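Below: one structure, written as structure tokens.
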Amino acid sequence: MGALRDKFWELPLGDLTRAEWEALCDGCGKCCLHKIEDENTGTIEGTNVACKLLDTDTAQCIDYRNRRTYVPDCMRLTLKIVKDVTWLPASCAYRLRADGKPLKDWHYLISGDRESVKQAGVSVAGRVISEVDAGPLDHHLVEWDADETDWDGDSE
Ligand code: SF4
């Protein structure tokens, strides 16, 4: 990974280097969960079913570098996509920064601890099932943002 500038996470998203862009992810794992879109209304509902490449204990991709070899439709998050997609969680570092908001206190770049995202109840680690074992997605609907609470007490 290239050098990361001091407090790069406070810079506009469009100014980040590739390494800084990658480092901005808080590792929550929520974008690696399946979603269901209602054909009629366009409403998107979350599930607790994870991509087969997600380690459900750690919420980390088991082969991030080669993920598109195994999961060709894995989304590569870009600045345009961050602005366009509605389903990124409210806590997502990219979404927060795209909206000009600061990172949360539990983000590892702020707290200095990769475990903070779990302690804050934001990570999906240990709370999801792999698509390999899940069966029908509509048996696994979950409203993830509903239980998200900041350490400072603000609900998102
Ligand atoms: S939802 Fe955002 S912060 Fe969470 S893992 Fe995905 S890209 Fe990273």
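Laboratory data are not the source of any read-out in this text; all were calculated from the coordinates shown. Keep in mind that what you see is a predicted model, and the values were worked out from it rather than measured. Cβ placement follows ideal geometry from the backbone for every residue including glycine, while neighbour counts extend to all protein chains displayed.
Just how large is the dipole of region 37-129 about the Cα centre, in debye to the nearest 20, putting +1 at every Lys and Arg Cβ and -1 at every Asp and Glu Cβ?
Here the size comes out at about 440 debye.
Can you flag which of Lys7/Lys35; Lys52/Lys83; Lys30/Lys104; Lys30/Lys80 are past 23 Å Cα-Cα?
Lys7/Lys35; Lys52/Lys83
Suppose we keep just the DSSP beta bridges with both residues in region 11-134; what percent of those would be antiparallel, to 5?
Of the beta bridges lying entirely in region 11-134, close to 75 percent run antiparallel.
Would you list Asp38, Asp55 from fewest to most Cβ contacts within 10 Å?
Exposure proxy ranking, most exposed first: Asp38, Asp55.
Would you mind computing the Rg to Rh ratio of region 1-49 from its alpha-carbon coordinates, Kirkwood style for Rh? Mind dumping the intermediate values first?
On the way: Rg = 16.0 Å, Rh = 13.4 Å.
Dividing the radius of gyration by the Kirkwood radius yields 1.19.
What nm value, rounded to one decimal, do you get for the distance between Tyr70 and His34 when each label is placed 7 Å out toward the C-beta?
Inter-label distance under the simple model: 1.7 nm.
List the relative contact order of region 1-116 as a percent without decimals, with contacts defined as Cα pairs under 8 Å and 6+ residues apart. Please report the intermediate quantities before stating the final value.
On the way: 111 pairs, mean separation 27.7, N = 116.
With pairs under 8 Å counted, the relative contact order is 24 percent.
For the chain, take every pair of Cα atoms, bin their distances at 10 Å starting from 0, and report each bin as a whole percent.
Result, from short to long distances: 10, 38, 39, 12, 1 percent.
What is the extension gain from Lys52 to Val142, computed as 0.36 nm multiplied by their sequence separation minus the C-alpha to C-alpha distance, in nm to one decimal?
Numbers: separation 90, 0.36 × 90 = 32.40 nm, distance 1.81 nm.
Difference between extended and current length: 30.6 nm.
To the nearest 0.05, what FRET efficiency results for Val132 and Lys80 with a Förster distance of 30 Å applied to their C-beta separation? Mind showing how you got there, number by number?
Values: r = 31 Å, r/R0 = 1.05.
So the FRET efficiency works out to roughly 0.45.
Assuming 0.36 nm per residue, please report the length gained on full extension of the stretch Ile44 to Ala3 beyond their Cα-Cα distance.
Values: separation 41, 0.36 × 41 = 14.76 nm, distance 3.73 nm.
So the chain would gain 11.0 nm between Ile44 and Ala3.
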